[in-house]
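Here the structure is laid out as C-alpha cells; the discussion comes afterwards.
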Amino acid sequence: MKLTDMFVYSIKYLRTQKLKSWLTIIGIVIGTATIVSLVSIGDGIRYDITKQLEGFGSNYMVVIPVNIEGRGISLSIGQAPSSGKLYEKDYDKIRNIPGVKKVARWIYSRTSLQFKDKKITAPVYAGDTEVFDMYPEYMKIQSGRIFNNNEQRVVVLGYDAANKLFGKDEIKVNNKMYIGGEEFRVVGILEKMGTSLSQQDDKSIYIPLREGRELFKSTIGKNEISAMIIESEEGYDVEMIKERIEEQLIAQHKVTAEDKDFSVITADYVNKIVEDITGTLTLFLLLISSVSAVVGGIGISNTMFMSVLERTREIGVLKSIGARSGEILKLFVIEAVIIGMVGGIIGCGIGIGISEIVKDFGISSMANPLFVIIVIVFSALTGAVAGAIPAYNASKIPPVEALNY
C-alpha cells in the first residue's frame, strides 16, 4: 500500500467517524489555541517592554522616594511614593555630582480639570522641560511645542488626554482649559506612545514645575519632589555615579544603606526586572504548553485505542489481502497525525483570532508566524507519538485472530 493510499484511506475513515474524530480534534484545538494566544500575548508584552525601555537609555537614572529593593518596580513615571521624601536640597546635591549632565524634577497631584462644560479629576504632572529632552523618542510632539521652564499657565497634553479624556470634545493647540480652577493654554500635544504599558502616560497632563508648586501647595510639601530623572555624561560609569548619588542622599537623609528611604534606578536594574518577569512568563507558558500537549495526547491515544478495538476485523481483512504489519502500523499513525495536524491548524487559527481580539482591550499581542508553524508541526508529532502504541498493537494482531473477532 502506497503512502498516498494510506492518507486517502485514513481520511475516508475519519470522515465516516465524524463525531468521534471531532471530539478528539477539539482537545487539540483547545490546547493549541491556548498556547498560541498566550505566547502571542507574552511576545506582545515583551515587545512593549523592550520598546518602552528603548527610551530609558543606559546613561539615565531615576531617583524615587521609596526603597524598592526586593519589591519590584513600575515603569511609569511619577508613581506615588510609599515612604520617604525628596526635596530641592537633594536635587542641588545630585546636580553637583561629577558626571551628572542633567537632572529633571517631577511633582504630581490629582486636581480638577475642566474643558468647555466638562469637569473631571485626574493626575497632573509638573516638571522641568529637560525631561522631554531626555526622552525625545518616547515623548514626541505631534502638534505645537514643549513649554519652557519660565512660562506660566501653559500645558502639554498626552495623546489620550487631548483626544479621549473629555469624551468627544477633542482639545487642540491654543485651546484653553482649567486646571485647579486656573486657566491654562494648550501649547503642545504629544504623539501616542504606542505601547500597552504606556497607556497611562498617554493620558498625562504636563505643566511647568513652578506652576505645579503653586497648584499643589495644599498636597505637596514645600520644596518637595516626587521624582528626579538623571542623565549622566558620556564616558562616566553609571554605576559609579549611582553609588555617589546614594552616598549623598544617605548622608542628607540621615539613614543607613539598609534602611534608606529612596531608590536610584538604572537601566541595568530595569533590564534585570524585565528579564525576571519575562523568564517567569516563559516558564508559565511552557507549563501550560506541557499540560495542553499531555491532555491532547491522551485524547488521541484514547481514540486510537478505541479505533483498534472497533476495527480488529478490518485489520484482519487488510492483512488477509496482503497488508503487512508495518503498513498497518503506518496506517494508524497517519490517522493520529491527521487528527493532530487538523486540530493544530484550527487551534492556531483560533489562537491568532484571540490574540487579535485582545488588542481591542488594550492588551498588546504579536502572533509569530514561525511559532505558529512550529505549533502545527508539534501537534502532528503529538498525534504520532500518542498514536504509536495503539498503532503498534494493531500491527501485531494475527490475521486469523482478527478475522474471528
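Can V173 be described as surrounded by 18 or more Cβ atoms within 10 Å (Cβ to Cβ), in contact with a strand residue (DSSP E or B) (Cβ under 6 Å, 6 or more places away or on another chain) and either among the aromatic types (F, W, Y) or in the same structural domain as G99 (by TED's automatic domain parsing) (or both)? Against the criterion (surrounded by 18 or more Cβ atoms within 10 Å (Cβ to Cβ), in contact with a strand residue (DSSP E or B) (Cβ under 6 Å, 6 or more places away or on another chain) and either among the aromatic types (F, W, Y) or in the same structural domain as G99 (by TED's automatic domain parsing) (or both)), V173 does not qualify. In the range 334-346 there is at least one residue that is free of Cβ contacts under 8 Å to residues at least 40 places away in the same chain and part of a helix (DSSP H, G or I). Residues of the range 175-189 that are in contact (Cβ under 8 Å) with a residue 40 or more places away in the chain and either touching a His at 6+ places or on another chain (Cβ under 9 Å) or not in a loop (DSSP other than H, G, I, E, B) (or both): M177, Y178, I179, V186, V187, G188, I189. Looking at this structure, is A367 in contact with a Ser or Thr (Cβ under 8 Å, 6 or more places away or on another chain), crowded, with 21+ Cβ neighbours inside 10 Å and aliphatic (A, V, I, L, M)? No. E247 satisfies every condition listed in (1) modelled with pLDDT of 90 or more; (2) within 11 Å of M61 (Cβ to Cβ); (3) of a type in the set (D, E) except (2). Of the set (1) touching an Asp or Glu at 6+ places or on another chain (Cβ under 9 Å); (2) over 22 Å from N174 (Cβ atoms), all apply to Q152 but (2). Can you find a residue in the range 265-281 that is assigned by TED's automatic domain parsing to the domain that holds A391, part of a loop (DSSP other than H, G, I, E, B) and buried (at least 16 other Cβ atoms within 10 Å of the Cβ)? Checking the range 265-281: not a single residue is assigned by TED's automatic domain parsing to the domain that holds A391, part of a loop (DSSP other than H, G, I, E, B) and buried (at least 16 other Cβ atoms within 10 Å of the Cβ).
A Cβ distance below 6 Å, combined with a sequence gap of six or more or placement on separate chains, defines the contacts here; from the range 158-174, residues that are in a loop (DSSP other than H, G, I, E, B) reach residues that are basic (K, R) in the pairs G158/K203; F166/K118; D169/K116. For G221, state whether it is in the same structural domain as G99 (by TED's automatic domain parsing) and either in a helix (DSSP H, G or I) or at positive phi (or both). For G221, the condition - in the same structural domain as G99 (by TED's automatic domain parsing) and either in a helix (DSSP H, G or I) or at positive phi (or both) - is not met.
The values are calculated or read from the model by the stated rules, or taken from the named source; none is laboratory data. Everything numeric here is computed off the predicted structure, so don't read it as measured data. Note: ideal-geometry Cβ built from the backbone for every residue, glycine included; neighbour counts use all protein chains shown.
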